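Some notes on the structure that comes next.
The values are calculated or read from the model by the stated rules, or taken from the named source; none is laboratory data. What you are looking at is a predicted structure, and each value in this text was computed from that prediction instead of being measured. So basically every Cβ, Gly included, is an ideal-geometry build from the backbone, and we count neighbours across all protein chains shown. To get the accessible areas, we keep the full protein, side chains included, count just its heavy atoms, and leave off ligands, DNA and RNA. Shrake-Rupley method; radii C 1.70, N 1.55, O 1.52, S 1.80 Å.
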Amino acid sequence: MPIHEYECSKCGHEFEALVRPGTVADCPSCHSTELEKRLSVFATAGSTGHAAHAGPCGSCGHPDGPGACALH
């Protein structure tokens, strides 16, 4: 299920929605289906060429606990 970003044409509310094939998204504020699909923005690595690293141990949410993900 893709996540789409929308802006409501009626009330201007911006939101994201999981949209299943064959369904129509509606605004969570006013329930209008008159929506504009927005361009999704995603994160990229900076121009320094360094890869982004995970936060301190325990922040990745690995089910086996802090340090189990082997990133640190």
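Ordering H31, H13 from largest to smallest accessible area (1.4 angstrom probe), what's the sequence? The partial results should precede the final answer.
Numbers: H31 125, H13 65 Å².
The ordering from most to least exposed comes out as H31, H13.
Sum up the charges of everything whose Cβ sits under 15 Å from the Cβ of P2, counting Lys and Arg as +1 and Asp and Glu as -1, but leave P2 out. Taking every other residue near P2 into account, the sum is +1. Residue by residue, segment 18-27 carries 3J(HN,Hα) couplings of 7, 10, 7, x, x, 10, 10, 6, 9, 5 Hz when phi is fed to the Karplus relation 6.51 cos²θ - 1.76 cosθ + 1.60 (θ = phi - 60°); x denotes Gly or Pro.
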